[in-house]
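Enquirer: So that we are looking at the same thing, I have put the structure below in structure tokens.
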Amino acid sequence: MNKIAPALLLSCALLFTAASAQKRAAQNPCEDPQTQVELNLCADRKFKAADAELNRVYNQLAAKLEAGGRAKLKAAEASWLKYRDDNCAYEEELYEGGSMQPLIYSSCLERMTKSRTTELRGQLKDLNQ
Amino acid sequence: MKRIALAILFVVCLISFAFAKAQRQRQTQPCENAPSQYEADECAHKEYVAADAELNKVYNQLAAKLEDQEQRAQLKAAELAWIKYRDADCEFASSFYKGGTMRPMIESFCKTDVTNARMKELREQIKTLEQ
């Protein structure tokens, strides 16, 4: 009996922690990610948001171009995508086998996507001048 | 005596201010003030060649820090992809000036900018490895 009480207490505590984590996750886990899984998930979300913004700016720029320029922009974007993937694969490689690997990969994608968006915004500005 | 000291101080400030301004201009658009377009092209090209040489140095520093064969192969793949991106992006950026005399200069400016950005990235990657 003496052994059962602490075990019971421990399972209660575990259950409580799990329940509160679930509640937090249901709210918005990315406001304050705590576990590696949450961190990975949130990094991926941030990348997807950055990617959507890049697509928006890309389309704005493409809309201002004639067919020839659009083809060149498309070629540049395709080569950028390959560069992004290869560069982030390199950064990920450094953490091979670690639980942080997905986080590193998504953070790299997000960072590169944001700087590409800045670049395209600059080109858009040049066109508007 | 006090007046002379003040005057000297004023002149020194003025000179250093002008110097700083000139340097800043050099850093932003050093070649645009060349007397002819040909010289501006040459100047911009030289600047790009210098940036490229510096990038190679940084790349080799990073590669030397990698012990894993696979990591080195992946870095090389990234660099080859980056070269293609640099060329395609600057081909696009300079296409607005197609047929114009400024085009080679614009292309060199673009390549220098893209090269400097890549250099910054590789330097960050070196820092990560050193942590």
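Here, each number is a calculation from the coordinates, and none is a lab measurement. Quantities reported herein were computed from a predicted structural model and do not represent experimental measurements. Counting neighbours? That spans all protein chains shown, and the Cβs are built from the backbone with ideal geometry, glycine included.
Enquirer: Pop out the ³J(HN,Hα) list for the range B:40-52 in order, Karplus 6.51 cos²θ - 1.76 cosθ + 1.60 with θ = phi - 60°, rounded to Hz; leave Gly and Pro as x.
Expert: Calculated HN-Hα couplings, in order: 5, 4, 4, 4, 5, 5, 4, 4, 5, 4, 5, 5, 5 Hz.
Enquirer: Please label the shape of the range A:35-128 as rounded, prolate or oblate, based on the square roots a ≥ b ≥ c of the eigenvalues of the alpha-carbon gyration tensor (a/c under 1.5 means rounded; beyond that, a/b larger than b/c means prolate, else oblate). Working shown, then result.
Expert: Working: a/c = 3.49, a/b = 2.17, b/c = 1.61.
Prolate, because a/c is 1.5 or more and a/b exceeds b/c.
Enquirer: Could you run the Karplus curve 6.51 cos²θ - 1.76 cosθ + 1.60 with θ = phi - 60° over the range B:99-116 and give me ³J(HN,Hα) per residue in whole Hz, x for Gly and Pro?
Expert: Karplus-based 3J(HN,Hα) across the range B:99-116 equals x, x, 6, 7, 4, x, 5, 4, 5, 5, 4, 4, 4, 5, 4, 5, 5, 5 Hz.
Enquirer: Find the relative contact order for the range B:59-131 and round it to a whole percent, using C-alpha pairs within less than 8 Å whose residues are 6+ positions apart. Intermediate results must be reported in sequence, preceding the final value.
Expert: Details: 31 pairs, mean separation 28.9, N = 73.
For the range B:59-131, the relative contact order is 40 percent.
Enquirer: Further, regarding this structure: Taking R0 as 41 Å, what FRET efficiency do you get between B:Q69 and B:S36 from their Cβ-Cβ distance, rounded to the nearest 0.05?
Expert: Details: r = 50 Å, r/R0 = 1.22.
My answer for the efficiency is 0.25.
Enquirer: Go through the range B:118-124 residue by residue and turn each phi into a ³J(HN,Hα) via Karplus (6.51, -1.76, 1.60, θ = phi - 60°); whole Hz please, and just put x for glycine and proline.
Expert: 5, 4, 4, 4, 5, 5, 4
Enquirer: Suppose a student asked you for the relative contact order of the range A:35-128, using Cα pairs under 8 Å spaced at least 6 residues apart; what percent would you report?
Expert: Values: 59 pairs, mean separation 47.9, N = 94.
It comes to 51 percent, rounded to a whole number.
Enquirer: Give me the one-decimal nm value for the distance between modelled label points at A:N128 and A:E96, 7 Å along each residue's Cα-to-Cβ direction.
Expert: 4.6 nm
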